[in-house]
1. Each residue of the range 64-73 in order: what ³J(HN,Hα) in whole Hz does its phi give by Karplus 6.51 cos²θ - 1.76 cosθ + 1.60, θ = phi - 60°, with x for Gly and Pro?
2. Counting other Cβ atoms within 10 Å of each Cβ, which GluC sites (Glu not before Pro) in the range 22-85 have at most 16 and sit in a DSSP loop?
3. May I ask you to derive the FRET efficiency for Asp32 and Ala67 from their Cβ-Cβ distance with R0 = 25 Å, giving the value to the nearest 0.05?
Amino acid sequence: MPGKGGKVGGKADPRENQYTVFLEPEHVDFLDDVRESIRRRNRTRLNRSALIRGIVKGIAQGGIDLASAESEDDIVALIKARLRK
């Protein structure tokens, strides 16, 4: 059944992993600035989704333990502390 982990034409249904994330304007500006820097340096175009996925993968694979976080500010503090190491 599409959208419920099913397959379409033998491939995983791409809709099963689409989510809406609400960002503040300064977060969108940051993402766009990073995208533009990547484009200028590498002549590679990344969309915001690819950039966000890369950031999430980096945190997930980087061993950053967010289990003690009780708020968004706690998450920021934990990530910043880990990046300073």
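Coordinate-derived values only; no laboratory data. This one's a predicted model, so the numbers in the text were calculated from it and none came from an experiment. So basically every Cβ, Gly included, is an ideal-geometry build from the backbone, and we count neighbours across all protein chains shown.
1. 7, 8, 9, 4, 7, 5, 10, 7, 4, 4
2. Working: sites: Glu26, Glu36, Glu70, Glu72; in loops: Glu70.
Answer by residue number: Glu70.
3. Details: r = 31 Å, r/R0 = 1.25.
Working from the Cβ atoms, E equals 0.20.
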